[in-house]
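The values are calculated or read from the model by the stated rules, or taken from the named source; none is laboratory data. Quick caveat, the model's predicted, so the values are computed rather than measured. Every residue, glycine as well, gets a Cβ built from its backbone with ideal geometry; the counts of neighbours run over all protein chains shown.
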Amino acid sequence: MAPDRPPFITAGPDDHDRVRGLVRLAYARWVPIIGREPRPMQADYARAVLEHRIDLLVEGGALVALIETDMRSDHLWIENIAVHPDHQGRGIGTRLVAHAARLARAEGRRELQLLTNAAFLANVRLYERLGFVTWKTEPWRQSTALYMRRPLDDLPD
C-alpha cells in the first residue's frame, strides 16, 4: 500500500469514544439543514463497535474517517460513513465505499446498500456518482429517507 494511503484499522471496544467524536464532527454540518441531530449522532457506539464492523482510517495518529458496516444475507449494509470535516472533499468517501465493496466481495455479496437523508445533498450526489440508485423512499421526521443500493459487478476495487 502506498505511504499516502494508510490501511484501515478495525475498531475495538475501546474505540467507541473516538468513533462517537468523529461522527459528531462529521454530521454537525447537517444539524442546521434538518433542524435536529441526525441519527448517527445519537447512536450508541459502545454497542455499535460490538455489533457491527467499524473500520477506521487513521493518518498521523488522528482519526480521519470511518465506515460502519453490517454483513447481511444478500448484501453489505453500510450503516455509516463519516469523514472529519477537515478531510472532506479529498476522495475519502469514495475510498470508504471501495473498501466496503472489497469486504462484500470477500464474503460473496454482490451489492451494497445504505440509507441516507434526502436533505444531505452532498452525500446523495456522491452516492449517485458512485452508481448507487434509490430503490425506496419513506417519510422520516419532516424529511425523506432514501434507501440506496449499488451492485458490485462493475465497481472497481
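State yes or no: is Ala65 within 15 Å of the chain's Cα centre (by Cα) and not in a helix (DSSP H, G or I)? I'd like the intermediate steps shown before the answer.
On the way: within 15 Å of the chain's Cα centre (by Cα): yes; not in a helix (DSSP H, G or I): yes.
Judged against the criteria, Ala65 is a match.
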Conditions (1) more than 28 Å from Ala62 (Cβ to Cβ); (2) of a type in the set (Gly, Ala, Ser); (3) surrounded by 16 or more Cβ atoms within 10 Å (Cβ to Cβ) -> Ser73 fails only (3)
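This table checks each residue for (1) within 23 Å of Glu128 (Cβ to Cβ); (2) of a type in the set (Phe, Trp, Tyr); (3) out of contact with any His (no Cβ under 8 Å at 6 or more places or on another chain).
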| residue | (1), (2), (3) |
| --- | --- |
| Ile9 | no, no, yes |
| His16 | no, no, yes |
| Ile54 | no, no, yes |
| Leu63 | no, no, no |
| Ser73 | no, no, yes |
| Asn80 | yes, no, yes |
| Gly93 | yes, no, yes |
| His99 | yes, no, yes |
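So, in segment 41-62, of the ones that are in a strand (DSSP E or B) and surrounded by 15 or more Cβ atoms within 10 Å (Cβ to Cβ), which residue ends up modelled with the lowest pLDDT?
Checked segment 41-62; the qualifying residue modelled with the lowest pLDDT is Val58.
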Across segment 121-157, what is the number of residues that are closer than 20 Å to Ala98 by Cβ and of a type in the set (Phe, Trp, Tyr)?
2
Taking the criterion of being of a type in the set (Val, Ile, Thr) and farther than 25 Å from Val31 by Cβ, would at least one residue in segment 127-134 satisfy it?
yes
Picking from Arg90, Arg36, the residue that is assigned to a loop (DSSP other than H, G, I, E, B), in contact (Cβ under 8 Å) with a residue 60 or more places away in the chain and either surrounded by 12 or more Cβ atoms within 10 Å (Cβ to Cβ) or of a type outside the set (Asp, Glu) (or both) would be Arg36
Output the number of the condition that Trp140 fails; it satisfies all remaining conditions of (1) surrounded by fewer than 16 Cβ atoms within 10 Å (Cβ to Cβ); (2) in contact with a strand residue (DSSP E or B) (Cβ under 9 Å, 6 or more places away or on another chain); (3) in contact (Cβ under 8 Å) with a residue 24 or more places away in the chain; (4) under 19 Å from Arg29 (Cβ atoms).
(3)
Pairs returned, first residue in segment 46-66 that is without any contact (Cβ under 8 Å) to a residue 24 or more places away in the chain, second residue that is in a strand (DSSP E or B) and not β-branched (Val, Ile, Thr), beta-carbon separation under 9 angstrom, 6 or more apart or interchain, are Glu51/Asp70
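Working only within segment 35-58, note down all residues that are in contact with a strand residue (DSSP E or B) (Cβ under 7 Å, 6 or more places away or on another chain) and basic (Lys, Arg).
If the condition is that a residue be in contact with a strand residue (DSSP E or B) (Cβ under 7 Å, 6 or more places away or on another chain) and basic (Lys, Arg), then Arg53 is the only one that fits.
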Sort out which residues of segment 100-112 are under 13 Å from the mean Cα position of the chain (by Cα) and in contact (Cβ under 8 Å) with a residue 40 or more places away in the chain, and write them in order of number.
Ala101, Leu112
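Condition first: out of contact with any strand residue (DSSP E or B) (no Cβ under 9 Å at 6 or more places or on another chain), of a type outside the set (Val, Ile, Thr) and at pLDDT below 95. Can you find one or more residues in segment 72-80 that meet it?
No, segment 72-80 contains no residue that is out of contact with any strand residue (DSSP E or B) (no Cβ under 9 Å at 6 or more places or on another chain), of a type outside the set (Val, Ile, Thr) and at pLDDT below 95.
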Name the residues in segment 107-125 that are over 14 Å from Trp30 (Cβ atoms) and crowded, with 17+ Cβ neighbours inside 10 Å, would you?
Arg109, Glu111, Leu112, Gln113, Leu114
